[in-house]
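Colleague: Once you've had a glance at the structure underneath, I'll fire off some questions.
The values are calculated or read from the model by the stated rules, or taken from the named source; none is laboratory data. Because the structure is predicted, anything quoted here is derived from the model rather than measured. Glycine gets a Cβ as well: all are built from the backbone with ideal geometry, and neighbour counts include every protein chain shown. We work out accessible area using only protein heavy atoms, side chains counted, and drop any ligands, DNA or RNA first. Shrake-Rupley method; radii C 1.70, N 1.55, O 1.52, S 1.80 Å.
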Amino acid sequence: MSGGGANGEAAVGSDGPRQKGKATPDTLKVGCIAWVIKDGEPRRAEILSIKETKSGRQFYCNFDNFNKRLDEWVPVARIDFEKDVEWPNPDKDKQKENKSKKSSSVPKKSQPSKKAQKKVAVSKREQSVASEEQTPHPWTEFVESQTPKTAGAGEDLDSKVNASLEIGGTPGVGPDEMELDEDEIPADAAKKQREERAPSFSREDEIEKLRTSGSMTQNPAEISRIRNISKVEFGRHVLFPWYFSPYPEAFSQEDQIFICEFCLSYYGDLKSFVRHRNKCTLQHPPGNEIYRDDFVSFFEIDGRRQRTWCRNLCLLSKMFLDHKTLYYDVDPFLFYVMTTRDDRGCHLIGYFSKEKESTDGYNVACILTLPQYQRKGYGRLLIQFSYELSKIEGKLGSPEKPLSDLGLLSYRQYWSENIVDYLLTFSEKEEKCTIEGIASYLAMTTQDVEHTLQALRMQVYHKGEHKIVIPDKLIKQREKSKLKQKRLIDADRIQWKPPVFTASSRTWGW
């Protein structure tokens with residue numbers, strides 16, 4: 001779960017020497033680095049925000065060398081005031097103020113529009129993907145990788161490449177895979193460009209834009225870093241959010257909020273929530289059940305017909321998705337919700353949404369498995385179900401980019417396993433296989449197929465021809481993973497036809 005600086009270096013407070021001294025709960029301010037108890041151990045943490053709740057003052061802490069998903073609001077009792085606190089560097093604060101003043105004084109004409117920036121980013125991403133696809137690995141590299149080696153470097157490389165096929169493991173993700181729309185430029189230069197491009201926003205303006213538009217992209221360094229909800233009671237589970245979600249401002253003052261697991265209505269106090277549960281009659285998502293087996297059910301929900309429920313679902317999912325940008329305009333989307341059943345009703349596991357009419361051919365706009373059900377194979381079922389729907393539609397599908405880090409790992413694993421299984425059937429038949437054939441059979445785009453082949457080093461150039469090969473280690477790992485039991489979607493149980501929408505039903509109908 002470590003997500004800080006490389007080689008164990010400090011991830012917070014590494015901007016230069018800081019003054020140290022004693023602090024009290026009243027003098028501790030934003031930017032200070034204090035020692036906070038986490039998992040029974042004192043750890044360095046930067047104070048990113050402070051708020052007053054009904055239980056008292058709380059501090060939002062970013063822990064040293066920890067992923068930001070593990071940031072949390074902590075009470076005063078968890079902060080060790082006996083140790084010295086590192087105070088913010090005043091020189092750095094002055095530099096920030098000067099930068100903000102300069103950026104605000106730049107005339108609007110010199111700043112490129114967001115649409116122009118987006119077009120440039122898309123074109124650069126397409127160029128980088130195209131150049132990567134046109135450079136397959138040479139045949140000699142493949143032959144060398146197949147021969148046994150005593151050196152550890154080659155083995156490490158193969159183990160990293162093939163790690164995505166191991167069930168239950170966490171595949172390694174390179175920097176170009178984690179951020180799909182970042183250019184291949186040095187980190188310092190990229191950071192400098194982002195700072196120059198980013199417009200200056202006041203704290204009040206940022207809060208207002210986050211709450212009204214639902215966008216997390218105005219100023220990533222400000223409010224979107226601060227998780228506003230500390231704890232959520234959702235059915236039989238207690239959830240600890242990872243990211244900011246634009247719930248009403250009053251809910252940020254609560255120590256815990258309550259969400260009905262059936263209608264997804266949210267409440268700030270237990271008394272109101274209990275009163276609602278006694279009156280709520282909904283026992284499943286408000287849509288058509290299009291799939292059922294012994295384990296799960298899938299419901300299709302139209303965002304235009306069930307606006308309130310779908311908006312509540314988006315608010316819930318935003319607490320666990322960093323890249324989600326829309327939560328209010330749900331009319332153009334269909335939501336496919338996966339549930340598990342018992343005597344009390346259908347309990348939400350996860351969902352994916354898709355546009356009613358996607359100009360880019362995406363079959364998934366947003367996908368999430370709730371934290372209490374992660375690492376249990378449910379994410380794979382969601383991905384498989386989205387591709388089964390694409391097969392029924394007769395289209396090639398791909399998830400909307402950029403993917404989150406966990407989403408990219410899940411898709412990489414799904415793509416890898418299915419492509420390897422398909423190629424093994426071709427090797428038995430001794431027939432020729434093409435990238436277009438793989439894409440057509442698996443309902444994947446040719447770009448996703450070729451990107452996966454490149455990542456697994458399965459595409460080589462030999463005697464003037466591009467060839468697809470399967471390394472022996474991939475075959476062995478795939479046979480080993482097949483021994484583990486997996487839940488799969490039975491395509492014959494899907495009761496669904498592609499919906500047809502008029503122009504008015506795809507947008508606001510007011």
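Colleague: At a 1.4 Å probe, what is the % contribution of carbon and sulfur to the accessible area of segment 406-470?
Modeller: With neighbouring chains kept in place, the figure for segment 406-470 is 47 percent.
Colleague: Report the accessible area of TRP242, computed with a 1.4 Å probe over the heavy atoms of all protein chains in place, in Å² rounded to the nearest 10.
Modeller: 40 Å²
Colleague: Residue separation times 0.36 nm, minus the C-alpha to C-alpha distance between VAL274 and ARG43: what's the value?
Modeller: Here the segment from VAL274 to ARG43 would lengthen by 79.4 nm.
Colleague: Could I ask something else about it? For labels at LYS432 and ASP80 in the simple 7 Å Cα→Cβ model, what's the distance in nm?
Modeller: 6.8 nm
Colleague: On average, how much area does the Cα convex hull of segment 397-510 cover when viewed from any direction, in nm²?
Modeller: Mean orientational projected area (segment 397-510, Cα hull): 11.3 nm².
Colleague: At q = 0.19 Å⁻¹, what log₁₀ I(q)/I(0) does segment 232-402 have when each alpha carbon counts as one equal point scatterer in the Debye sum?
Modeller: Debye output, listed in q order: -1.39.
Colleague: Taking 0.36 nm per intervening residue step and subtracting the Cα-Cα distance, what contour gain separates THR53 from SER358 on full extension?
Modeller: 105.5 nm
Colleague: Compute, for ASP26, the solvent-accessible surface of its heavy atoms (probe 1.4 Å) with the complete set of protein chains present, and express it in square angstrom to the nearest 10.
Modeller: Near enough 130 Å² of accessible area.
Colleague: Could you calculate the contour length gain from GLN19 to ILE475, that is, 0.36 nm times the residue separation minus the distance between their Cα atoms, to one decimal place in nm?
Modeller: Gain on extension, GLN19 to ILE475, equals 158.5 nm.
Colleague: Additional query: Evaluate segment 249-331: find the radius of gyration of its Cα atoms, find its Kirkwood radius, and give the ratio Rg to Rh.
Modeller: Looking at segment 249-331, the ratio lands at 1.00.
Colleague: Moving on to the next point. When every alpha-carbon pair in segment 20-86 is counted, what percent end up more than 18 Å apart?
Modeller: Result: 27 percent of Cα pairs exceed 18 Å.
Colleague: Let me understand segment 406-470 better: what is its radius of gyration from the alpha carbons, and its Dmax, in angstrom?
Modeller: Both quantities, over Cα of segment 406-470: 11.7, 39 Å.
Colleague: Greater than 29 Å separation of Cα atoms is the criterion. Which listed pairs, LYS54/LYS354; LYS22/LYS68; LYS354/LYS486, meet it?
Modeller: With Cα atoms farther than 29 Å apart: LYS54/LYS354.
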